[in-house]
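Below you'll find the structure, written out as structure tokens, and then a few comments.
The values are calculated or read from the model by the stated rules, or taken from the named source; none is laboratory data. None of these values were measured; they are calculated from a predicted model. Methodologically, a virtual Cβ is constructed for each residue, glycine included, from the backbone with ideal geometry; neighbour enumeration extends over all protein chains shown. Note: areas computed on protein heavy atoms with side chains; ligands, DNA, RNA excluded. Shrake-Rupley method; radii C 1.70, N 1.55, O 1.52, S 1.80 Å.
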Amino acid sequence: MARKEKQQSDTPKEPGRFAQIRQVFTASRKADPTIPWWMLLAFVAVIAVGVSIGFLVGHWVYALILSVPLGLLAATLVLSRKAERAAYRSLEGQPGAAGAALGALRRGWFYDQQPVAVDGARGTRPEDVAGAAFVYRALGRPGIVLIGEGPDARRSKLLTQERKKVERVAPGVPVTSVVVGDGDNEVPIRKLGSKITRMKPVLTKEEVSAVNKRLKSLGGLRPPIPAGMDPMRARVDRKAMRGR
């Protein structure tokens with residue numbers, strides 16, 4: 001029993017909701033120093049509106065009491081939106097940004113933040129992956145989504161090769177290619193998550209699970225690039241923003 005209790009005490013606990021919000025605030029303020037002022041503005045605006053309504057109805061004290069939690073909620077929502085934008089700005093132009101942005105996908109999607117295909121990476125240092133092309137894969141009810149980033153020639157070749165692979169193991173399943181970028185017919189990194197989740201569903205949940213098992217037969221890729229991005233540095237983590 002003592003050993004069991006010791007093991008439980010040694011297990012690191014996950015930070016609480018307020019601790020997570022504080023972490024998000026600290027990281028986001030470094031990227032956007034104006035965040036505290038926007039939060040204060042939202043809080044004061046809600047209080048002002050609430051108290052004004054209270055004066056009109058003759059109960060400004062009760063209105064003030066009710067406005068305080070609403071003001072805190074408004075400030076938290078501002079933090080969430082600003083933190084998300086700051087995270088996306090930190091991703092723009094970085095190799096592997098599409099993989100980090102996939103962390104914003106909702107439930108029902110299967111994806112890996114590591115690429116399924118790479119062309120041009122020579123090592124793990126930032127200068128070794130500059131100019132490389134990456135392809136990521138996501139699976140949901142709209143079908144299979146291939147996300148490409150990098151130089152056009154390399155990216156197009158990788159997308160074509162990966163499409164052939166998935167069509168062999170999952171014939172008849174819709175395959176959509178999405179290119180990340182700011183050019184014509186490209187999707188900005190900040191809009192990638194919403195672009196994918198708004199696609200029209202065509203598969204059932206059972207079919208998605210079956211297709212996922214087939215895709216796993218393709219195996220994984222261990223490219224010579226960093227294993228991932230820190231959630232507080234680059235990755236877009238909606239759970240942390242919501243304080244969950």
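Structural remarks
- By the equivalent-ellipsoid construction on the alpha carbon gyration tensor, the stretch 20-91 comes out with semi-axes of 30, 10, 8 Å, ordered largest to smallest.
- Which listed pairs, of Lys165/Lys213; Lys164/Lys195; Lys30/Lys191; Lys165/Lys191; Lys165/Lys195, have C-alpha distances above 19 Å, in listed order: Lys164/Lys195; Lys30/Lys191; Lys165/Lys191; Lys165/Lys195
- Residue order for Phe25, Phe110 - accessible surface, 1.4 angstrom probe, largest first: Phe110, Phe25
- Cβ-Cβ FRET estimate between Arg89 and Phe55, R0 fixed at 35 Å, reported to 0.05: 0.30
- Extension gain (nm, one decimal) between Ala153 and Thr34, 0.36 nm per residue minus Cα-Cα: 38.9 nm
- Ligands, DNA and RNA excluded, the heavy atoms of Thr76 present near 60 Å² of accessible surface to a 1.4 Å solvent probe.
- Residue-normalised accessible area of the stretch 20-91, expressed per residue, 1.4 Å probe, Å²: 63 Å²
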